[in-house]
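What follows is a single structure, written as structure tokens, with notes after it.
The values are calculated or read from the model by the stated rules, or taken from the named source; none is laboratory data. Quick caveat: nothing in here was measured; it's all calculated off a predicted structure. Every residue, glycine as well, gets a Cβ built from its backbone with ideal geometry; the counts of neighbours run over all protein chains shown. We work out accessible area using only protein heavy atoms, side chains counted, and drop any ligands, DNA or RNA first. Shrake-Rupley method; radii C 1.70, N 1.55, O 1.52, S 1.80 Å.
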Amino acid sequence: MKRLFLILIFVFLPLRIDAKTIRMGFVGGYDIEHSVQIWSPLLDYLQRETGYMFEMTLREDYLGLIESLEKGDIDLYEGGAFSHVVAMERGKADILVGQINHGTTFYYSVFVVPAKASVETIHDVKGKRLALTQPLSTSGYLLPRLMLEEAGIENPKTFFGQIVLTGSHDRSLEALLSNSVDVVAVGNFFIEMLPEEKKNRLKIIRRSGAIPFGPVTVRKDLDSHIRQTIQNALLVFEQKVSPDIRRITERDGFILQTENTFDIVRTYAAKAKKIPELTTSIPYQKIPTIVAKRIDDLKNDHRRWTLFFLGCLALLIIFFILVTRKRFTMFVVSIMVSTIFAPAGIIAFLQTRLLFGVMDNYAVSLMSRIENMNLRAVSSIAKTADDGLDTILQESIDDVIVWGRIFQHGTIIASSDPREKGTSIIDHIRAGTFHRPHISTLSIHDPLMLKGRQYATLQVGIAFDALLLHSKHIRTMNILMIFGVLLLSIVLFFFMKRRLTSLTKPLAEAVEKLREGHDIETTQVDQDIKNVVSSLRHFGKELYEKEELLQLKTADHQFPSLDPLVTEEIRLKISAMERENKLFQELRKTIAIGTSAAWLRTLRDAAIRARDRSPVVIIGPSGSGKTGVANVIHALSHRQKRNFGEFNCAEFASADPLIVLGKLFGYGKQSGIQGIDPNGQQGILQEFDGGTLFFDEVELLPQKAQQLLLLPLEDRPFHSAAGQGSPMTVDVRFIFATNKPLDDLVRVGEMRLDFLRRIQARGEIRVPSLAERKEDILSLIQAFLTLRNKGREEQITISSEALTFLTSNTYKRYHVSELKGVVDQVFDHALFENVSQIELQHLHASSMPAPIVRDISHPFDLEDMKKLSVLRTVTFNLSHAEERFGFGAGSKTMTHHVRGLIYRALHYHLGNAERAVTTLTGGNNRDSVNTKMLSRVQYYMESARHHKKNNTHNILFAKLPQKYHTDLNELLEML
């Protein structure tokens with residue numbers, strides 16, 4: 001019995017007391033503390049459930065886990081599907097269990113961009129910055145490479161402006177949210193784990209097929225009993241732990257899986273071997289969101305204070321206006337408001353800009369210093385391994401960077417505090433005894449990349465005390481300066497008020513004497529005041545002379561009539577060009593429509609100028625077709641297959657000068673401007689090199705931009721707006737358009753003379769107004785209808801009556817664009833009513849302005865005809881007409897309009913009541929309508945005679961619309 005007892009002790013002792021600790025490996029990620037906190041509950045569970053001791057081992061990447069498994073440094077690890085396939089290929093690994101997350105065993109690789117980006121497909125991110133994770137990541141590297149190949153992007157290195165490897169999915173999303181990159185490839189479940197606010201800032205543009213979650217991979221030679229015990233514990237994980245534990249570990253549970261599950265990943269890996277590697281390292285110099293958020297909070301706090309102060313100042317000014325409104329005129333009060341509020345507001349704005357600039361420079365300087373620490377540490381590691389890292393960290397400590405550490409495999413290998421060196425932080429974090437040197441600091445992690453792999457992680461603590469103190473100093477200085485200006489403005493106001501009062505009183509008396517025809521003597525008023533009055537008199541005379549000069553200029557700008565033979569010759573030449581040039585042929589149907597002599601001359605000038613490469617200036621009214629002429633020049637030039645860029649200079653007028661110049665000339669390397677790639681960014685000059693650039697409303701182009709555009713206009717080299725780089729030259733055809741006389745802009749100093757001379761070196765192309773090409777109105781209307789009918793089975797036509805009134809309009813406000821707008825409106829009304837022809841009543845429903853010129857067959861403008869169309873429909877029942885127009889019942893509004901129409905018809909027909917009735921009713925065959933209208937017309941005519949005879953005709957103008965006053969006056973003269 002004693003011998004049997006000893007045998008049992010020796011047999012079962014290894015099962016009860018396990019001398020070997022189970023080492024489980026994980027990727028540390030870019031935030032080691034977070035990784036340890038996630039996986040600690042899983043190890044605690046396994047330790048309780050199996051009775052074995054579990055030790056957490058961290059590595060910097062998946063390859064580090066595979067190498068540690070092969071060396072026997074770890075017994076199992078949690079990783080991705082691709083890393084498991086690689087480990088299996090190397091022959092020393094096996095699958096233990098699969099994972100369940102969010103109720104499924106599959107997930108997806110997705111390409112993600114900011115939600116506000118104008119990007120819908122992967123092809124829209126050409127030239128942008130792409131972030132992948134690490135070479136052994138399934139969803140962060142393997143699948144994205146294959147998705148790019150499937151999308152036809154054979155060489156991603158040339159397709160994207162930059163490709164970087166961040167090391168982890170979290171770090172990729174951090175880079176995207178901080179605008180360090182433009183697009184990232186990650187697993188979709190990492191997005192699901194983000195806070196709702198961050199999730200709403202992202203959108204997915206491409207998704208892969210389903211990918212199995214990475215399994216728990218085990219060392220092949222691990223004891224089978226230990227292996228089975230751990231597997232059994234993991235399979236009941238979901239039933240034995242609380243939902244809170246599953247939420248912390250970000251895992252729902254584990255299931256049995258075979259290697260067949262990962263055959264799809266092996267297929268992906270085989271395909272990927274045929275594609276060039278994209279390995280690179282990330283030059284991570286952008287500001288992390290944790291720092292950017294703290295700075296944004298400081299900015300928002302300062303904005304709230306500034307708005308509060310200005311609000312109090314505004315209330316003070318309103319109180320002052322209410323108190324002094326009876327003592328001073330509103331003009332005087334407005335002067336005081338402008339002298340007090342404007343300077344205070346300007347100073348507050350400038351101080352805010354100054355403070356924000358300091359904050360932004362602080363952030364850029366901070367990240368530059370961290371990057372410098374990173375580079376020095378990597379250089380030291382490459383030369384002397386870990387020796388010298390402590391010195392680098394200690395030398396970097398100051399009031400901003402208050403502590404620093406370097407982790408490798410979860411152990412502190414260097415620290416600004418020598419006592420921490422060699423400490424394994426994993427056990428401290430799991431025990432809850434880990435702490436940062438300064439609790440109030442922000443912690444930033446940065447990977448140390450060596451030979452394309454992450455060697456370790458740099459962690460630094462950032463204090464914002466210095467920036468906060470600086471912000472308070474500026475705020476205090478802001479308060480003192482604003483109150484100083486406020487006091488000075490009040491004193492200055494009262495001084496100027498007294499001075500102006502002493503000057504304006506004699507000036508007003510002198511002007512009044514001149515108006516009465518009296519001369520003034522030098523003894524009566526100051527000579528300076530007499531000079532002012534004299535100047536006013538001369539100024540009035542000059543205004544009259546300039547008005548006559550303007551009329552002469554307007555007449556001079558009219559198109560001279562062309563000889564019919566010359567016009568026909570131009571028409572034949574343009575027809576030949578249409579046959580030879582398909583693009584020009586298409587433009588003639590869409591935006592270059594017309595056959596009038598004036599329009600053909602414009603097209604001829606465009607065709608002539610298309611052959612050279614000198615700048616072109618197009619002048620014409622707004623909406624007359626200047627953009628179409630620019631497109632014609634491009635279509636007829638040798639650049640027709642190159643890019644055509646259209647820009648309105650209005651977007652440059654109020655923008656920051658540096659932004660305007662950057663948009664035009666681009667940015668060089670290391671420009672130092674937030675949001676601009678350190679490697680530089682192309683401007684529109686480089687983007688449209690070899691093509692045509694069309695700048696509309698050139699009069700709004702800032703003068704600094706005019707000055708610098710002289711260089712590319714004269715084919716001279718130019719530099720980027722900011723940053724480093726060599727001089728550049730471009731081959732661009734410039735076309736400028738305006739609706740204003742540029743010579744006048746030069747005279748008033750709004751345009752540079754040298755710029756105008758350069759762009760006008762070969763004259764101008766003038767675009768006629770629609771009034772000068774009335775012959776084209778019909779063809780324009782038909783062309784617009786053709787465009788709207790395109791693709792429709794049932795074509796919508798236009799009645800002759802509606803066409804007559806459309807062609808009778810002057811369209812003097814917006815010209816061709818106005819005509820197109822009217823056609824679109826009436827077409828939409830016809831569609832809404834489901835009719836096949838546009839009638840006159842559709843014009844009533846549109847917002848078309850009334851024509852100024854009248855048709856020879858009647859005296860009415862289009863607004864009149866809209867009213868008459870309804871009146872004729874309701875047989876001149878005024879109550880029904882008022883309902884149609886939405887007038888209030890009993891308002892008599894329609895009665896006054898009908899009275900005006902009758903006065904106009906009588907004036908037109910020289911008092912003939914019968915003809916007036918025929919014009920008003922449109923020749924209605926119903927006798928009852930004609931009789932009723934004849935009675936009404938005769939009544940108004942007799943009433944006009946009566947009031948004229950008794951000299952009480954002013955009564956007739958009461959409530960009569962203003963537009964009919966002239967007709968009534970003329971009618972009274974006839975009677």
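When a/c reaches 1.5 or more, the comparison of a/b and b/c decides; with that in mind, is segment 862-974 rounded, prolate or oblate per its Cα gyration tensor? Here segment 862-974 falls in the oblate category. Note on residue 102 and residue 20: the model spin-label points, each 7 Å out from Cα along the C-beta direction, lie 3.8 nm apart. Computed over all pairs of different Cα atoms, the Kirkwood value for the hydrodynamic radius of segment 771-842 is 12.4 Å. Looking at segment 108-209 alone, DSSP beta bridges between its own residues are antiparallel in about 60 percent of cases.
For the residue pairs 203/641; 663/820; 203/274; 126/451; 383/421; 198/299, alpha carbon separations beyond 25 Å are given by 203/641; 663/820; 203/274; 126/451. So, with a 1.4 angstrom probe, what is the percent of accessible area on segment 697-793 that is carbon and sulfur? C and S fraction of accessible area: 49 percent. The residues of segment 771-842 have, on average, 52 Å² of accessible surface per residue, using a 1.4 Å probe with all protein chains present.
Compute the separation of the alpha-carbon centres of segment 908-972 and segment 153-191 and state it in Å as a whole number. Centre-to-centre distance over Cα atoms comes out at 78 Å.
Work out the FRET efficiency for residue 590 and residue 115 from their Cβ-Cβ distance, taking R0 = 22 Å, and round it to the nearest 0.05. Once the sixth-power term is evaluated, E becomes 0.05. Label-to-label distance for residue 90 and residue 658 is 4.8 nm, based on points extended 7 Å past Cα in the beta-carbon direction. 7 Å from Cα along Cα→Cβ at both residue 710 and residue 955: what's the point-to-point distance in nm? Spacing of the two 7 Å Cα→Cβ label points: 7.4 nm. Taking 0.36 nm per residue of separation and subtracting the Cα-Cα distance, full extension of the segment from residue 771 to residue 304 would add 162.7 nm.
Only protein atoms count toward the accessible area here, which uses a 1.4 Å probe; on segment 108-209, the carbon and sulfur part of that area reaches 45 percent.
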